[in-house]
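Attaching a single structure in structure tokens format; questions to follow.
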Amino acid sequence: MAATEYHGQTRVADVIAADPSALARLVALDPRIADRDTVPADLTVQELARRCRVPLADVLAIAGAGPGGCGAVPAAEAGAGAAEPAPSWLLEIDPATAASLDVRPILAANGEPLGPVVELARRTEAGAVLIIDAPFDPQPLRRVLASQGFTTFGRALSPGHWRIWCRKQTPVPTLPAAPALRPSVQPAGQPVTLAGAGQRLLPESIPIRFFAVGLVANILAWAALIVAAPDVATYGGGPGMPLAAVHLLTAGVLLAVAFGASLQMLPVALARPAPPRWACEAIFALLALGLLLLIPGFADVDARLIAAGSGSLAAASLLYAATLSTILCPPAISRSSVGICG
């Protein structure tokens, strides 16, 4: 079939059968036509032009661009397009869905196509393809697109018609360099501390003894309630086993645990120095002595034990309050003891 007989209803398969070299030229229009087996039998030249969004005249020119054909591509343009190897991603492009821009009318009207191309490129998502039709191979424009992350491929389709495929590369996420980790050697037998917390912690034996008193007092409180169960319903107040059980819960459990926990945790939480050890041991001694005197005094209704135990618990509370004040409100540093840095 002669090239001049091609028209819109000519089947693409017939074009390739008449001129096998047309296959390579048609692949430039639609990369999905990789070989004769992938060409639909009922695909016409007009349908191919519609799918690729190329004027029918250009497709007819490409179909008849064999030796001496009416649409022969000039040797300079054909050589430039053939010198550029086609990338593998070209076969994955669907021209019907890719964004496209024909700058030939803009150039014919003495316009500047760079702005519309850059704007369309800016809206193109990573991994998507932009197709540009131009009257020549726009190398400066391709360099601009390359600086914006595009990989481009160009091919001359017909005299005065170049098609440039531009694929926006997917950026590879870069992770910040991990800081070099320097292994720290912790001396054997020493606890691991964070942010100087070790300088603000009391020895473990101090808070543990407060918690031990709370545990023992809790057990004794329930035991005292069991013993005093027959009298609870008729209890009207005053010394006795029910009052001893109540003070085991309040002074023995709540007060002891609160003392031990706050003396240990407040200096760490407020970044204050640990309280003096002697003060913590004195608070514990007065608290334990007060419980040993007060609880039996309530149980046996002994006024002397109750008075002694109450005094010991009061002294423990006062010393705790004084110690707590040094943690919450540390003494101000006088100006005379601080050097002035210029």
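The values are calculated or read from the model by the stated rules, or taken from the named source; none is laboratory data. Values in this document were obtained by computation on a predicted structure and should not be read as measured data. All Cβ positions, even for glycine, are placed from backbone atoms using ideal geometry, and neighbour counts span all protein chains on display.
Inspect segment 42-54 for any residue being within 22 Å of residue 120 (Cβ to Cβ), β-branched (Val, Ile, Thr) and modelled with pLDDT under 75 and give the result as yes or no.
Within segment 42-54, one or more residues are within 22 Å of residue 120 (Cβ to Cβ), β-branched (Val, Ile, Thr) and modelled with pLDDT under 75.
Another question, then. Given the residues 328, 324, which is the only one that is in contact (Cβ under 8 Å) with a residue 40 or more places away in the chain and loosely packed, with under 14 Cβ neighbours inside 10 Å? Steps first, please.
Numbers: 324 fails: loosely packed, with under 14 Cβ neighbours inside 10 Å.
None of the other options fit; the residue is 328.
Conditions tested, residue by residue: (1) farther than 16 Å from residue 94 by Cα; (2) modelled with pLDDT of 80 or more.
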residue: 5; (1), (2): yes, no
residue: 13; (1), (2): yes, yes
residue: 31; (1), (2): no, no
residue: 67; (1), (2): yes, no
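Tell me, please, whether a residue that is of a type in the set (D, E, K, R), surrounded by fewer than 18 Cβ atoms within 10 Å (Cβ to Cβ) and either at pLDDT 80 or above or under 34 Å from the mean Cα position of the chain (by Cα) (or both) can be found in segment 69-87. Give the steps one after another, and end with the answer.
Restricting attention to segment 69-87, the residues satisfying the condition of being of a type in the set (D, E, K, R) are 77, 84.
Cutting the leftovers down to surrounded by fewer than 18 Cβ atoms within 10 Å (Cβ to Cβ) gives us 84.
Next, from what is left, pick out any that are either at pLDDT 80 or above or under 34 Å from the mean Cα position of the chain (by Cα) (or both): none.
Checking segment 69-87: not a single residue is of a type in the set (D, E, K, R), surrounded by fewer than 18 Cβ atoms within 10 Å (Cβ to Cβ) and either at pLDDT 80 or above or under 34 Å from the mean Cα position of the chain (by Cα) (or both).
Please determine whether any residue of segment 283-295 is modelled with pLDDT under 85, more than 12 Å from residue 320 (Cβ to Cβ) and buried (at least 16 other Cβ atoms within 10 Å of the Cβ). Show your work before the answer.
Quick first cut of segment 283-295, residues modelled with pLDDT under 85 only: none.
No, segment 283-295 contains no residue that is modelled with pLDDT under 85, more than 12 Å from residue 320 (Cβ to Cβ) and buried (at least 16 other Cβ atoms within 10 Å of the Cβ).
Scan segment 296-311 and tell me whether some residue there is surrounded by 14 or more Cβ atoms within 10 Å (Cβ to Cβ) and either under 51 Å from the mean Cα position of the chain (by Cα) or farther than 29 Å from residue 227 by Cα (or both).
So far as segment 296-311 goes, no, none of its residues is surrounded by 14 or more Cβ atoms within 10 Å (Cβ to Cβ) and either under 51 Å from the mean Cα position of the chain (by Cα) or farther than 29 Å from residue 227 by Cα (or both).
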